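Colleague: The structure is given below, and queries will be raised subsequently.
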Amino acid sequence: MIDWIKENWIILAVPAAVFLAFCIVGLWARRVLYNRLDKLLVKSGWGGREVLVQTTRGPFFFWFMLLGAFAALKISPLPAEVQVLSEKIITSVFIISIIWLLIILTNRLLTIYLAEIKSPKPPGKFVTTGVRVAMLLLGVLILADYWGWPLTPVILLLAAAILVAVVASRDTILNIFSGFEIAAARNIKEGDFIKLSSGEEGYVTDMTWRTLKIKATDQHTIIVPNNKLVRETVINYGRPLKRASKPFHFYTRLHLKELTGLKARNLTDLVNVLKAAPDSVTYYHTHHFLEEHQFLTPEPANDFALWVDDSLDEHVLSEKLANIDTFAYFSLDALNSMIVSVIEQYMADNPASRLVKGENDFHFLKSNSVVVPTPYFALDLREFVEVLRRITMDSLYYHIFESRLRLQKRSNDFSVWMRDSIGEHDLADKIDNLVPYTSTIEAMRSFIIQNIEKRIK
Amino acid sequence: MEPDMISQYNNKIEEYQAIVGKNVIDELKLLGNHLTGKRIQNINSTFSGGGVAEILSRLVPLLNQLGIDARWDVIQGDDAFFDVTKKFHNALHGRDQDISDDDLETFIETSRKNIDEMRLNADVYFIHDPQPVMLVSRKPELQGKWIWRCHIDVSHPNQRVWEFLNQYVCKYDAAVFSAPAFSQQLPIRQFMISPSIDPLSDKNKELSSGQIEAVLNKYGLDPAKPMIVQISRFDYLKDPIGVIEAFEMVRRGIECQLILAGGTATDDPECAEVLDKVRERSDGIPDVKVLLIPPGSDIEINALQRAATVVLQKSLKEGFGLTISEALWKSKPVVASAVGGIPLQIINKFTGLLSHSVDGAAYALKQLLSNPDLASQLGKNGREHVKQNFLITRHLKEYLLLFIALDHESDIIYL
């Protein structure tokens, strides 16, 4: 072996020297070229400078090495068929390195550029993976063509694979196209309050090319696929309104009727029981009809007025009791005293008290309230009005009636919050001045919604 | 609860959203969250026949869906026991009834057997009506909360029977009645919870005109002739004879037909006797049909109510009278006696017409048959009234509130 090398050293040394020369030239060229390129790119202020320089430096030298190897091969005494095969291998390595470089370079550049798109956030991983796969396929096709492999089966195979991939990620692709549509239309932005025709509503907290996140009024996050978003009718109420210093937490109050076992057969009984009755009895008989007879307009008067009319035929007293303005009282104790004094005054003026007709005794009931927090909060008037549309009558009843009189807050909860937490004094006064006893709960709901809508229009 | 009872009624709670709204169902779930895992054992005397079994068969599965461990069991008794409890039932409704010492002994003996043999294991024992009332004797041993749910009109009870039962009722933590007039002077808390109907049940769901027609054909009824319908068990307290008398008065001036349809209950041995008397009284009167409907014929009852021009409920006594809510739910004009829980459902001249006598019932029937606009308006109001106050979702809510209220003394409870 050593003898053979001694005899043929020149045949080996020349190609090696050529290869080495290319390496040296490559190092020199890289130094010169990259110094100039870097200066040029610095001057241009392009953000991808560092990525381009760092990513291509290594391959640049590698390509000179391949060129050196190619040239060395050409002048080597190797047999022709070995030379052809080696050339093909070197060319293939060159193609692979080019594809590899393109993949790395595009991935890095995409990462930089996609990060700059704030809303909707592009699906970075999806895009980079897609580009990577496309480049790889391109590389495979070029190599197949170069090596003379039959392309038709490869293309068919690729087409089938693409078809499978498209079917499998149909929803994702649809969402991305929809995301593109949403981004292009610029109708929705992060921070907007939107409402979908399918019922979802809230502030948009995050937008990507695939989904949109909404913070609902019950504090849950709703994720809406973009494809659904473009198919639904969306009302965009725009940017957030003035935020409240304290959120309004909606409660509901459910009531259970408790029987006291007490009854009255005449006015004297009625007054005697009323004088000793707890607030919950007064509250029940002056309020329960508001909930139970929603469908009747005008709604019946309080139970005492109805009973003295129907069962005692005391029509004048009935009118006096019906005319007591419950809205004027801020405590049940005061309301109870007023009812008692009206009856006592009537009895003093009309001493012949009548006995109940038949078996229509007045049965005293009381109201047990169970107050339950709902998951709904409002931090501004938009959220408030949207929750107001969906809460039950019980919830509305609690905040309007129960708070004002039974819990002795002197005002309804809505007005208190609007005044104290959001500074909406006019609106608060309007709701405060609404007399709830002369309209149905649903009519009150409409009144409040209309006034808030008018204010935030 | 028997497995077939569970599988028979498996409406999902969410199915009621279309009728009462999502927010109402959400409220039920909110309450259910506060009672998760609570064991409620319902006990009555029969799995089938009558309003109590019907309500329990619907409520228990819904309570389970809300996360509550609700069960339903029945006590055992022989014919002699149920004869006595029927007498109790009549006596509590205020009818004259001879109750002998032997009757009380029979009641006590069967109750003791049930006390010894029944498996009781719950946080809340929900005892329905007088038949199982003595089970409360095991309260000191079992602890838990005990509720006596009275479905009967006890506004004027026979004092002997009431005093006998009262010694057990007083041992409960709470009693539940269906109407204010049923409340008593008791040392325990008393709540008012009205019964309810299930809008998704076979008895109340929407039917096609073909289905209604098929039922009318089956019973040979003329759909073209105005139809007065009373649906109720054959029971003296439902006054079927009074219904026939009222019909005779109406028919003198208005062409119409009367359908008296009802079934029997396993805990009511009197039904057959009443049915015979009704058939005897109606014999020879044209346009009167007496139909004995077998148990489980809910679709047929539904069809008869929907085919009715006016629905009548001329009871002499009535615990509540769910057939009225059923008729109102179908937007039917109703004439009913002002007894028991009926005035809660019929607000006179708003959701129907109340009567106090055979003459009153006849007069009201004539008014409605002659004034279709009035009849239609009353029916419309009636449906709204039921929607708001007598559907199963309201009932469910109040039971949940009751279980919560048992653990709190104050009038305002914050959860």
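Colleague: Which condition breaks for A:Val356 when tested against (1) in contact (Cβ under 8 Å) with a residue 24 or more places away in the chain; (2) within 14 Å of chain B (Cβ to nearest Cβ); (3) more than 23 Å from B:His156 (Cβ to Cβ); (4) not basic (Lys, Arg)?
Modeller: (3)
Colleague: Can I ask one more? Is there a residue being more than 18 Å from B:Leu92 (Cβ to Cβ), of a type in the set (Asp, Glu) and within 14 Å of another protein chain (Cβ to nearest Cβ) anywhere in the stretch B:211-223? Break it down into steps so the answer makes sense when it comes.
Modeller: Narrowing the stretch B:211-223 to residues more than 18 Å from B:Leu92 (Cβ to Cβ): B:211-223.
Cutting the leftovers down to of a type in the set (Asp, Glu) gives us B:213, B:222.
Next, only the ones that are within 14 Å of another protein chain (Cβ to nearest Cβ) stay: none.
The answer is no; no qualifying residue exists.
Colleague: Among A:Gly199, A:Gly179, which is the only one that is surrounded by 13 or more Cβ atoms within 10 Å (Cβ to Cβ), outside any strand (DSSP E or B) and without any contact (Cβ under 8 Å) to a residue 60 or more places away in the chain?
Modeller: Working: A:Gly199 fails: surrounded by 13 or more Cβ atoms within 10 Å (Cβ to Cβ).
Only one candidate passes the filter, namely A:Gly179.
Colleague: Only one of (1) crowded, with 18+ Cβ neighbours inside 10 Å; (2) hydrophobic (A, V, I, L, M, F, W, C); (3) within 29 Å of B:Lys29 (Cα to Cα) fails for A:Leu407. Which number is that?
Modeller: (1)
Colleague: Within the bounds of the stretch B:134-147, is there any residue that is within 22 Å of the chain's Cα centre (by Cα), away from chain A (no Cβ under 14 Å) and modelled with pLDDT under 95?
Modeller: no
Colleague: Okay, next question. Considering only the stretch A:422-444, state which residues are surrounded by fewer than 17 Cβ atoms within 10 Å (Cβ to Cβ) and at pLDDT 90 or above.
Modeller: Passing the criteria: A:Gly423, A:His425, A:Asp426, A:Asp429.
Colleague: Further question on the same structure: Please state which of the following conditions A:Pro247 fails to meet, knowing it meets all the rest: (1) away from every other protein chain (no Cβ under 14 Å); (2) more than 30 Å from A:Glu386 (Cα to Cα); (3) touching a strand residue (DSSP E or B) at 6+ places or on another chain (Cβ under 6 Å).
Modeller: (2)
Colleague: Right, another one. Identify all residues within the stretch B:356-378 that are under 21 Å from B:Leu258 (Cα atoms), within 14 Å of chain A (Cβ to nearest Cβ) and surrounded by fewer than 24 Cβ atoms within 10 Å (Cβ to Cβ); write none if there are none. Even if it seems obvious, please write down each step before you answer.
Modeller: Within the stretch B:356-378, the subset under 21 Å from B:Leu258 (Cα atoms) is B:356-372, B:374-376, B:378.
Then drop every residue that is not within 14 Å of chain A (Cβ to nearest Cβ), which leaves B:356-357, B:360, B:378.
Scanning the stretch B:356-378 gives B:His356, B:Ser357, B:Gly360.
Colleague: I'd like to check which helices (runs of 4 or more DSSP H) are fully inside the stretch A:345-457 and have at least 1 residues that are in contact with a Pro (Cβ under 7 Å, 6 or more places away or on another chain).
Modeller: Working: elements: A:381-390, A:393-397, A:413-422, A:425-432, A:441-456.
The helices (runs of 4 or more DSSP H) meeting that bar are A:441-456.
Colleague: Which of (1) hydrophobic (A, V, I, L, M, F, W, C); (2) more than 14 Å from every other protein chain (Cβ to nearest Cβ); (3) closer than 24 Å to B:Leu316 by Cβ is the odd one out, the single condition B:Cys150 does not satisfy?
Modeller: (2)
Colleague: Any residue in the stretch B:191-207 that is without any contact (Cβ under 8 Å) to a residue 24 or more places away in the chain and within 14 Å of chain A (Cβ to nearest Cβ) sitting within a Cβ distance under 7 Å of a residue that is of a type outside the set (Asp, Glu) and not in a loop (DSSP other than H, G, I, E, B)? List the pairs, counting only those 6 or more apart or interchain.
Modeller: B:Met192/A:Lys257; B:Met192/A:Leu259; B:Met192/A:Leu365; B:Met192/B:Phe177; B:Met192/B:Pro180
Colleague: Tell me which residues, restricted to the stretch B:395-415, are out of contact with any strand residue (DSSP E or B) (no Cβ under 7 Å at 6 or more places or on another chain), facing chain A (nearest Cβ under 10 Å) and modelled with pLDDT of 95 or more.
Modeller: Those that are out of contact with any strand residue (DSSP E or B) (no Cβ under 7 Å at 6 or more places or on another chain), facing chain A (nearest Cβ under 10 Å) and modelled with pLDDT of 95 or more: B:Tyr399, B:Leu400.
Colleague: Kindly indicate whether B:Leu344 is surrounded by fewer than 23 Cβ atoms within 10 Å (Cβ to Cβ), at the interface with another protein chain (Cβ under 10 Å from one of its Cβ atoms), of a type in the set (A, V, I, L, M) and over 20 Å from B:Ser201 (Cα atoms). Outline the logic, then answer.
Modeller: Numbers: surrounded by fewer than 23 Cβ atoms within 10 Å (Cβ to Cβ): yes; at the interface with another protein chain (Cβ under 10 Å from one of its Cβ atoms): yes; of a type in the set (A, V, I, L, M): yes; over 20 Å from B:Ser201 (Cα atoms): yes.
Yes, satisfied.
Colleague: Return yes when A:Leu262 is within 14 Å of chain B (Cβ to nearest Cβ), of a type outside the set (Val, Ile, Thr) and in contact (Cβ under 8 Å) with a residue 40 or more places away in the chain and no when it is not. Break it down stepwise before answering.
Modeller: Working: within 14 Å of chain B (Cβ to nearest Cβ): yes; of a type outside the set (Val, Ile, Thr): yes; in contact (Cβ under 8 Å) with a residue 40 or more places away in the chain: yes.
Taking the combined requirement at face value, the residue satisfies it.
Colleague: Taking B:Arg160, is it away from chain A (no Cβ under 14 Å), within 24 Å of B:Leu368 (Cα to Cα) and surrounded by fewer than 21 Cβ atoms within 10 Å (Cβ to Cβ)? Before you say what the answer is, go through the steps one by one.
Modeller: Numbers: away from chain A (no Cβ under 14 Å): yes; within 24 Å of B:Leu368 (Cα to Cα): no; surrounded by fewer than 21 Cβ atoms within 10 Å (Cβ to Cβ): yes.
Spelling it out, it is not the case that B:Arg160 is away from chain A (no Cβ under 14 Å), within 24 Å of B:Leu368 (Cα to Cα) and surrounded by fewer than 21 Cβ atoms within 10 Å (Cβ to Cβ).
Colleague: Any chance the stretch B:314-324 includes a residue that's buried (at least 23 other Cβ atoms within 10 Å of the Cβ) and aliphatic (A, V, I, L, M)? Give the steps one after another, and end with the answer.
Modeller: Start the filter on the stretch B:314-324 by keeping residues that are buried (at least 23 other Cβ atoms within 10 Å of the Cβ), which leaves B:314-315, B:317-324.
Filter again for aliphatic (A, V, I, L, M), leaving B:322, B:324.
Yes, that holds for at least one residue.
Colleague: Moving on. Please go through the stretch B:100-146 and give me each residue that is in contact (Cβ under 8 Å) with a residue 60 or more places away in the chain and of a type in the set (Lys, Arg), ordered by number. Before you say what the answer is, go through the steps one by one.
Modeller: Within the stretch B:100-146, the first condition is being in contact (Cβ under 8 Å) with a residue 60 or more places away in the chain, and the residues that meet it are B:104, B:118, B:120-129, B:131-132, B:135, B:145.
Hit for the stretch B:100-146 is B:Lys145, nothing else.
Colleague: Filter the stretch B:18-48 down to residues that are more than 14 Å from chain A (Cβ to nearest Cβ) and crowded, with 19+ Cβ neighbours inside 10 Å, then give me how many there are.
Modeller: The number of residues fulfilling the criteria is 8.
Colleague: If I go through the stretch A:13-32 residue by residue, how many of them are hydrophobic (A, V, I, L, M, F, W, C) and free of Cβ contacts under 8 Å to residues at least 24 places away in the same chain?
Modeller: Keep residues of the stretch A:13-32 that are hydrophobic (A, V, I, L, M, F, W, C), which gives A:13-14, A:16-25, A:27-29, A:32.
Filter once more, keeping what is free of Cβ contacts under 8 Å to residues at least 24 places away in the same chain: A:13, A:17, A:24, A:28, A:32.
Adding up the residues that qualify gives 5.
Colleague: I would also like to ask the following. Only residues in the stretch A:144-166 that are in contact (Cβ under 8 Å) with a residue 24 or more places away in the chain count as the first member; pair them with residues that are surrounded by 11 or more Cβ atoms within 10 Å (Cβ to Cβ), Cβ under 9 angstrom, at least 6 apart or cross-chain, and list the lot.
Modeller: As it stands, the answer is A:Tyr146/A:Lys88; A:Tyr146/A:Thr91; A:Tyr146/A:Ser92; A:Tyr146/A:Ile95; A:Trp147/A:Lys88; A:Trp147/A:Ser92, since those pairs meet every condition given.
Colleague: Go through the stretch A:215-333 and tell me which strands (runs of 3 or more DSSP E), entirely inside it, have 1 or more residues that are closer than 30 Å to B:Ala174 by Cβ and modelled with pLDDT of 90 or more. Walk me through how you get there before you give the answer.
Modeller: Values: elements: A:221-225, A:234-238, A:248-264.
In the stretch A:215-333, the matching strands (runs of 3 or more DSSP E) lie at A:248-264.
Colleague: Also, quick follow-up: Give the number of residues within the stretch B:277-310 that are under 20 Å from the mean Cα position of the chain (by Cα) and in a helix (DSSP H, G or I).
Modeller: Counting residues in the stretch B:277-310 that are under 20 Å from the mean Cα position of the chain (by Cα) and in a helix (DSSP H, G or I) gives 9.
Colleague: Please state which one of B:Asp173, B:Asp153 is assigned by TED's automatic domain parsing to the domain that holds B:Tyr399, closer than 30 Å to B:Phe247 by Cα and acidic (Asp, Glu). Please lay out each step first, then the result.
Modeller: On the way: B:Asp173 fails: closer than 30 Å to B:Phe247 by Cα.
Selected residue: B:Asp153, the only one of B:Asp173, B:Asp153 that is assigned by TED's automatic domain parsing to the domain that holds B:Tyr399, closer than 30 Å to B:Phe247 by Cα and acidic (Asp, Glu).
Colleague: When you check A:Leu105 against the structure, is it within 30 Å of A:Gly130 (Cα to Cα) and either surrounded by fewer than 14 Cβ atoms within 10 Å (Cβ to Cβ) or at pLDDT below 90 (or both), yes or no?
Modeller: On the way: within 30 Å of A:Gly130 (Cα to Cα): yes; either surrounded by fewer than 14 Cβ atoms within 10 Å (Cβ to Cβ) or at pLDDT below 90 (or both): no.
Here the answer is no, as A:Leu105 does not meet what is asked.
The values are calculated or read from the model by the stated rules, or taken from the named source; none is laboratory data. Keep in mind that what you see is a predicted model, and the values were worked out from it rather than measured. Cβ atoms come from the backbone with ideal geometry, glycine included; neighbour counts cover every protein chain shown.
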